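Note sheet for the following structure.
FYI, it's all coordinate maths here, none of it is from the lab. On a predicted model such as this, the values are computed, not experimentally measured, just so you know. A quick note on method: Cβ atoms are made from the backbone with ideal geometry, for glycine too, and the neighbour counts reach across all protein chains shown.
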Amino acid sequence: MRIAITGADGRMGRMLIEAVLNHPELTLTVALDRAGSSSIGVDAGAFLGRDTGILISDDLALLENADCLIDFTRPAGTLAHLDACVAHHTNCIIGTTGFSDDEKDRIRQASESIAIVFAPNMSVGVNATLRLLEVAAKLMNSGFDVEVFEAHHRNKVDAPSGTALAMGETVANAWGKDLNDIADWARHGDTGARETGHIGFSVVRGGDIIGDHTVYFCGDGERIEISHRSSSRTTYAQGSMRAAQFLAGKQKGLYSMQDVLGIN
């Protein structure tokens, strides 16, 4: 299967390139980066001391040479790449977060033409955690206050994280609610007593934290905490490899990592 990578000179892009190069069933055929990047024209494997023959480019037309694009960039860039994928009938894996509702609709529309795996987190562990949260929320659907905590590195630009939002949505859906109707995104000043049935969010940004997430179910006399902590971005790259294999042969449709892992 022929794979294209975006953000080829970034930390995540390099991890994806390394994962593809080391995968027995996937072949790197395209490496893309933003226009003006100093990496343009450099061999995609140079950071590994490997000569792949694949030069990093900003030419999206090269996507015609790939079966699947893996994109962990930012919303505006991802949507531009997605338009090119539709034009060239190239499937897409999207690990980018921070999309607006309208931008998510554009992804859904694109999935009518190509197959897309769209997930806020590609980690197998995170997706297992989401399933645990679903079970916990159904068992603790009354008498417990839910709080979602997340921490990431100083350079992360969206908050709460896509994973934190997915955790909140998982709990809200298990309760038969829309997260937007019951989320408390911030607290400051005289907020009054906590409202029953709401889900609170808190965010830390600092240092080089890769990603910590904890959901608290706080009851009278007891507290349950379900946590996931990332110590390496390798888990995201490996999950993306599984997603790429999942898309092999698929013509269109919108899928999640839950679909990839067969736990839906």
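Within the chain, what is the number of lysine pairs with alpha carbons under 24 Å apart, leaving out pairs fewer than eight places apart on the same chain? Display every interim value, and only then the final one.
Values: Lys104/Lys156; Lys104/Lys177; Lys104/Lys250; Lys104/Lys252; Lys138/Lys177.
Value for the chain: 5.
So for the stretch 122-171, considering every pair of alpha-carbon atoms, how many percent are separated by more than 17 Å?
41
Compute the long axis of helix 75-88 from its Cα atoms, compare it with the longest principal axis of the Cα atoms of the chain, and write down the angle in degrees, 0 to 90, nearest 10.
Approximately 50 degrees, to the nearest ten.
On alpha-carbon atoms, Rg over Rh for the stretch 137-262 using Kirkwood Rh? Intermediate results must be reported in sequence, preceding the final value.
Numbers: Rg = 16.8 Å, Rh = 16.5 Å.
Rounded to two decimals, Rg over Rh is 1.02.
May I have the pair-distance distribution P(r) for the chain, computed from all Cα-Cα distances with 10 Å bins from 0 and rounded to whole percent?
Result, from short to long distances: 7, 29, 33, 20, 9, 3, 0 percent.
How far is the Cα center of the stretch 8-76 from the Cα center of the stretch 82-134, in Å?
19
Could you identify which residue out of Gly192, Gly95, Gly211 has the top mean-square fluctuation in a GNM of the chain using Cα springs shorter than 10 Å?
Gly192
Relative to the longest principal Cα axis of the chain, at what angle does helix 162-174 sit, 0 to 90 degrees, rounded to 10?
50
Counting other C-beta atoms within 10 Å, which of Tyr236, Tyr255 has the fewest, and how do the rest follow? Write out the running numbers ahead of the final one.
Values: Tyr236 23, Tyr255 19.
Going from sparsest to densest Cβ surroundings: Tyr255, Tyr236.
Going by C-beta contacts inside 10 Å, put Trp185, Trp175 in order with the fewest on the left.
On the way: Trp185 13, Trp175 18.
Exposure proxy ranking, most exposed first: Trp185, Trp175.
To make sure I understand, if each residue's beta carbon is the centre and we count other beta carbons within 10 Å, what order do Ser240, Ser39 fall in, fewest to most? It would help to have the intermediate numbers written out before the result.
Numbers: Ser240 30, Ser39 22.
Ordered from fewest to most neighbouring Cβ atoms within 10 Å, Ser240, Ser39 come out as Ser39, Ser240.
Determine how many Å³ per residue the convex hull of the Cα atoms of the stretch 130-206 encloses. Could the numbers behind the result be given before it?
Details: hull volume 7.2 nm³, N = 77.
Given the Cα convex hull of the stretch 130-206, per-residue volume reads 93 Å³.
Tell me which of Thr129, Gly53, Leu63 sits at the most positive position along the dipole axis of the chain, charges placed on C-beta atoms (Lys, Arg +1; Asp, Glu -1).
Most positive-ward Cα: Gly53.
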